[in-house]
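A.B. asks: Once you've had a glance at the structure underneath, I'll fire off some questions.
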Amino acid sequence: MRNNYSRYRRANRVKEQWCVSEKSWDSELQGVREAQFTLGNGLIGSRGILEELPQGARPGTYLAGFFDKTGSLVAELVNIPNPFSLWFSLKGEKLGIVAMDWTSHRRDLDLRHGLLSRQTIYRDVRKRKYDYQSLRFLSMDDRNLGVMQVSLTALEGAADLSVEAALDMSVWNSETVTEGRKKHWRISEVSHSRGMEYIRTSGLDDEQFFVAFATSVTVTVDGRPLRTKDSILRIHLRKGQTVSLTKIVVIHGSREQTPAQIFRATSQHLRQAVKQGFPKLLSSHMRAWDRLWAPASITVRGDPKVQKALRFNIYHLLSTAPAPGSRCSIGAKTLSGDGYRGHIFWDSDIFLLPYYTHVRQMAAVDMLLYRYDRLNTARQNARRKNYRGAMYPWESAGTGEEETPAWAKGIDGTVISISTHEQEHHITADIAYAVHRYYIATGDAGFMLACGFEMLFETARFWVSRVEYDRRKHTYGIKRVIGPDEFHEAVDNNAYTNMMAKWNLVVAHRMATQLKAKFPLEFLALCKRIDLKPSEIRSWKQIAPRIGMKVLRNGVIEQFEGYFKRQPVRVRSRNNYGLPELPTNFVWKYVDKTQLVKQADVLMLLHLLADIFGVRTKKVNYRYYEPRTVHKSSLSSGLHAIMAAEVGQMEAAYNFFQAALFVDLDNTAGNTAEGIHAASLGMVLQVVVGGFGGVTIRRGDLDIRPRLPKIWKALSFRYLWRGAELRITAERDKVRLHLRSRRKSQPGRIRVFGHLRHVPVNKIVVFRR
């Protein structure tokens, strides 16, 4: 199809506000663009590589939940064969952005519809020009499907082309500080029949996990079909003629199917897709994205740069959300790279899950089910450490076993030993917190009865066995831990860890009491199944009040025992976002001797348990820890934005927000090439909705108190709350609410500007400050 790129742009009116573009070629930015332009549908993610794979390209295609350990110290998210490869050559001269001269080049990621388009004008050694265009997508309507259409027009003379459209099998998982690159699959079956190329791969660690690819390539010249027999096509074009190739790939992954079953399923699926044809596949995909954006879109009036960046963040959240029924979670780099080996951290539970809870509830359920499915493994993890209950791993992959590598690269580039898997135990309370927050926001008693209560009780059991009693002080403490800060290891009574453990025990006791009262039969059945005694439940209430932390008279909370005695370091300069900058000669290996923190544990505590702490406590701790935080985590800027907004520091809040918002668009952390920062995506949306929109959950009620940045005129978004949808438009001194629900009554209490309000169902109401 000639000029498919320009026709697509005109037909779909891709506006700049919905488009992230590459307007020239810069080899230094190749990896960054690959991550930024990642396509995904929750089941499959594919980095935005150029089809010809120039030198330095890092093709990455990932199937959610497919991990393998062979050749690695720990399991890794598997980089499977690349479906979007295509090679043209002109009498031996490779058509490519590096191999051939070009006069113009542009790529566009359509955030609205999950489409990656390209146009490059090439010039060969004889100075003749060629118009190369491509359009591709991973279908959001049919999640096993990848589609690409490429056209080449001979602009200034005849051309003899060779084209190869096979899958790219030369992909690897990236090397790490202790390992070289490695491949986690082998080819088990190859066949060609009736215009279909079929390849089945098997995992090396789990040989029963098959990933099958069925590929069809159709070719036309000026719209007339051209028969193809070989994988390498030879085509003659006259001046002005256009060859178009449409590549449709079906990808199926399964552990349950036999080779014959997965072949039949994949090949039948491909035949159905080919029968539909490119236009129908494209339109179905675009309609599916329209449906996704309807509840997810956020509108900021008065700040177009932020508006576009927000759409970029939301696009990546939508494209990586677990496919319905997948029971998968989200790794630290989404499905856009194999940074952190694709592992799942606390990020998914604390920073991503709240977004999906209020926008795509089924995605939140799948993420929680990922944790529930690994509850037995968490029990085994605890037993191996001589603890009770369930102890979740710091880094998780396919099985729920601990997957933290022993070595990693430090901030200064040196290789350092890792202790997080031995000491960063707060993740167990973080998962309990995620379960409870989901329940408060949705009222989903079905999930709690099936999974949630059990998770809360088993995590509480862990903390009872983890705390140590101090007979002299008559208190319980938790020794040798690492908080979210991670600069300071093996500390005692970290404030964040202690208080989250305390919270876990308090809430587990409260939930047990409520479950016994409302569902006595289910309560007895659960207690019998997990052998939970009444004395254990009582112990949660007895131990929790005796877990504490050190608080100075002025309200400043000590991050851990002895923190105030560490060496103070003054930060004398800041960057454009207001973030502290340390001297270039700072010696990072001694950072644990100082009061500098990677991210502020205390501020994270005040954010998550906002009900417990007053505004004065938040103010004094923000003032104390803000200048000591160096933001060496992508989570930190967003957290500071929320806290700054809450304590009235709106200029600082906006600066911190922008630092978080542009971390991947501007590659401010310098590692976007390894993949998009998943947790930062979620934190940015928490800043917008909770920090600036002022929509929070306080003591079980919905609370709305907008705090808009000066430049913003209005903020509009949708918010799922206990089975209803709230359409919220916040301005500086008024809030417009439209509560849409099938129920006739309001779903719980709603406070606006500090006062309980009656919000009628299916009517628009306006409240003023």
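The values are calculated or read from the model by the stated rules, or taken from the named source; none is laboratory data. Everything numeric here is computed off the predicted structure, so don't read it as measured data. Cβ placement follows ideal geometry from the backbone for every residue including glycine, while neighbour counts extend to all protein chains displayed. These accessible areas exclude ligands, DNA and RNA; they are computed on the full protein's heavy atoms, side chains included. Shrake-Rupley method; radii C 1.70, N 1.55, O 1.52, S 1.80 Å.
A.B. asks: For segment 166-279, rounded, prolate or oblate, judged on the Cα gyration tensor with a ≥ b ≥ c (square roots of eigenvalues), a/c < 1.5 rounded, else prolate if a/b > b/c? If you can, show how the numbers build up before the last one.
C.D. replies: Numbers: a/c = 2.89, a/b = 1.59, b/c = 1.82.
Judged from the Cα gyration tensor, segment 166-279 comes out oblate (a/c at least 1.5, b/c at or above a/b).
A.B. asks: Here is a follow-up. Calculate how many DSSP beta bridges within segment 679-769 are antiparallel, expressed in % of all such bridges and rounded to the nearest 5.
C.D. replies: On the way: 25 of 29 bridges.
Of those bridges, close to 85 percent are antiparallel.
A.B. asks: Could you order peptides 578-584, 680-686, 260-266 by the average number of other Cβ atoms within 10 Å of their residues, highest first? Write down the numbers at each step before the final one.
C.D. replies: Details: 578-584: 13.6, 680-686: 27.1, 260-266: 16.9.
By packing density, highest mean first, the sequence is 680-686, 260-266, 578-584.
A.B. asks: Using the alpha-carbon atoms, what tilt in degrees (0 to 90, nearest 10) does helix 615-625 show relative to the longest principal axis of the chain?
C.D. replies: 60
A.B. asks: Compute the long axis of helix 534-543 from its Cα atoms, compare it with the longest principal axis of the Cα atoms of the chain, and write down the angle in degrees, 0 to 90, nearest 10.
C.D. replies: 80
A.B. asks: Enter the mean projected area of the convex hull around the alpha-carbon atoms of segment 608-669, in nm², rounded to one decimal. Before the final figure, lay out the partial values.
C.D. replies: Working: hull surface 16.9 nm².
Approximately 4.2 nm², given one-decimal rounding.
A.B. asks: Whole-Hz Karplus ³J(HN,Hα) for segment 208-217, in order, using 6.51 cos²θ - 1.76 cosθ + 1.60 and θ = phi - 60°, x for Gly and Pro?
C.D. replies: Karplus values, whole Hz, x for Gly and Pro: 8, 8, 9, 10, 10, 10, 10, 10, 10, 10.
A.B. asks: Grab the beta carbon distance between Val190 and Arg271, set R0 = 25 Å, and tell me the FRET efficiency rounded to 0.05. Don't skip to the end; give the middle numbers.
C.D. replies: Values: r = 19 Å, r/R0 = 0.74.
Efficiency, rounded to the nearest 0.05: 0.85.
A.B. asks: Residue by residue through segment 248-260, which ³J(HN,Hα) values in whole Hz follow from phi under the Karplus form 6.51 cos²θ - 1.76 cosθ + 1.60 (θ = phi - 60°), with glycine and proline marked x?
C.D. replies: 10, 10, 9, 10, 10, x, 7, 9, 8, 7, 7, x, 5
A.B. asks: Go through 484-495, 183-194, 199-210 and give me the packing order, highest mean Cβ count within 10 Å leading. Could you put the intermediate results ahead of the total?
C.D. replies: Numbers: 484-495: 22.2, 183-194: 13.8, 199-210: 19.1.
Highest to lowest by the protection proxy: 484-495, 199-210, 183-194.
A.B. asks: Additional query: Between Leu226 and residues 5 or more places away or on another chain, which pairs have amide H atoms under 5 Å apart, with H built 1.01 Å from N, and which residues are they?
C.D. replies: HN-HN under 5 Å from Leu226: Val219, Thr220, Val221.
A.B. asks: Given a 1.4 angstrom probe, I'd like the percentage of the accessible area of segment 594-634 that is carbon and sulfur, rounded to a whole number.
C.D. replies: Working: 630 of 1280 Å².
Ligands and nucleic acids excluded, carbon and sulfur give 49 percent.
A.B. asks: Continuing with this model, one more query. Specify the inter-centroid distance of segment 45-92 and segment 224-283, based on alpha-carbon positions, in whole Å.
C.D. replies: 19
A.B. asks: Long-range amide H contacts for Trp346: which residues qualify at under 5 Å (H placed 1.01 Å from N, peptide plane, sequence gap of 5 or more or a different chain)?
C.D. replies: The answer is none.
A.B. asks: Provide Lys473, Lys710 ordered by accessible surface of protein heavy atoms (probe 1.4 Å), highest first. Provide the component values of the computation, followed by the final result.
C.D. replies: Working: Lys473 105, Lys710 195 Å².
Sorted descending by solvent-accessible area, the residues read Lys710, Lys473.
A.B. asks: If you don't mind, there's one more thing I want to ask. For the chain, with every protein chain kept in place, what is the accessible area per residue (1.4 Å probe, Å²)? Don't jump to the answer; show the numbers that get you there.
C.D. replies: Details: 31220 Å² over 769 residues.
Heavy-atom SASA per residue in the chain reads 41 Å².
A.B. asks: At q = 0.18 Å⁻¹, what log₁₀ I(q)/I(0) does segment 228-310 have when each alpha carbon counts as one equal point scatterer in the Debye sum?
C.D. replies: -0.97
A.B. asks: Once you order the gyration tensor axes a ≥ b ≥ c over the Cα atoms, which shape class does segment 576-686 get: rounded for a/c under 1.5, otherwise prolate or oblate by comparing a/b with b/c?
C.D. replies: Oblate is the answer for segment 576-686, as a/c is 1.5 or above yet b/c matches or exceeds a/b.
A.B. asks: Please list 3J(HN,Hα) in residue order for segment 602-609, calculated via the Karplus relation 6.51 cos²θ - 1.76 cosθ + 1.60 where θ = phi - 60°; whole Hz, with x for glycine and proline.
C.D. replies: Taking θ as phi minus 60°, the curve returns 5, 5, 4, 4, 5, 6, 5, 9 Hz for segment 602-609.
A.B. asks: Follow-up question, since we're still on this one. So, by mean Cβ neighbours within 10 angstrom, what's the order for 86-93, 246-253, 385-392 with the highest one leading? Could the numbers behind the result be given before it?
C.D. replies: Values: 86-93: 16.9, 246-253: 23.8, 385-392: 20.4.
Sorting 86-93, 246-253, 385-392 by mean packing, highest first, produces 246-253, 385-392, 86-93.
A.B. asks: Oh, and also: Return the long-range amide H neighbours of Ile750 (sequence gap of 5 or more, or a different chain), with a cut-off of under 5 Å between placed amide H atoms.
C.D. replies: Arg757
A.B. asks: Specify whether the C-alpha gyration tensor of segment 303-343 places it in the rounded, prolate or oblate class, a ≥ b ≥ c being the square roots of the eigenvalues: rounded for a/c under 1.5, otherwise prolate if a/b is larger than b/c and oblate if not.
C.D. replies: oblate
A.B. asks: To make sure I understand the rule: partners must be lysines, Cα under 18 Å from the Cα of Lys763, and not fewer than 8 residues away in the same chain. Which ones qualify?
C.D. replies: Output for Lys763: Lys734, Lys744.
A.B. asks: I've got another one for you. In whole Å, what three semi-axes, largest first, describe the equivalent ellipsoid of the chain built from its Cα gyration tensor (square root of 5 times each eigenvalue)? Could the numbers behind the result be given before it?
C.D. replies: On the way: eigenvalues 430, 163, 146 Å².
They are 46, 29, 27 Å, listed from largest to smallest.
A.B. asks: Using just the C-alpha positions of segment 333-454 as equal point scatterers, what log10 of I(q)/I(0) does the Debye formula give at each q in 0.14, 0.19 1/Å?
C.D. replies: Values returned for q = 0.14, 0.19 Å⁻¹ are -0.64, -1.08.
A.B. asks: Also, quick follow-up: How much accessible surface area, in Å² rounded to 10, belongs to the heavy atoms of Thr672 with a 1.4 Å probe?
C.D. replies: Accessible area, nearest 10 Å²: 0 Å².
A.B. asks: If you roll a 1.4 angstrom probe over the protein chains with everything in place, what fraction of the accessible area of segment 1-150 belongs to carbon and sulfur, to the nearest %?
C.D. replies: Working: 2320 of 5020 Å².
Here it works out to 46 percent.
A.B. asks: Tally Lys and Arg at +1 and Asp and Glu at -1 over the other residues with C-beta under 12 Å from the C-beta of Glu536: what net charge comes out?
C.D. replies: On the way: positive: Arg388, Arg461, Lys533, Arg538, Lys541; negative: Glu458, Asp531.
For residues surrounding Glu536, the net value is +3.
A.B. asks: What pairs from Lys91/Lys182; Lys182/Lys333; Lys565/Lys618 go past 30 Å between their alpha carbons? Please report the intermediate quantities before stating the final value.
C.D. replies: Values: Lys91/Lys182 34 Å; Lys182/Lys333 19 Å; Lys565/Lys618 22 Å.
The pairs that break the limit, which is 30 Å between Cα atoms, are Lys91/Lys182.
A.B. asks: Related question: Averaging sequence separations of C-alpha pairs under 8 Å and six or more residues apart, then dividing by the length of the chain, give the relative contact order as a whole percent.
C.D. replies: Working: 1640 pairs, mean separation 83.5, N = 769.
With pairs under 8 Å counted, the relative contact order is 11 percent.
A.B. asks: Could you check how much of the accessible area of segment 309-381 is carbon and sulfur, as a whole percent, using a 1.4 Å probe? Mind showing how you got there, number by number?
C.D. replies: On the way: 740 of 1500 Å².
In segment 309-381, the share of accessible area belonging to carbon and sulfur is 50 percent.
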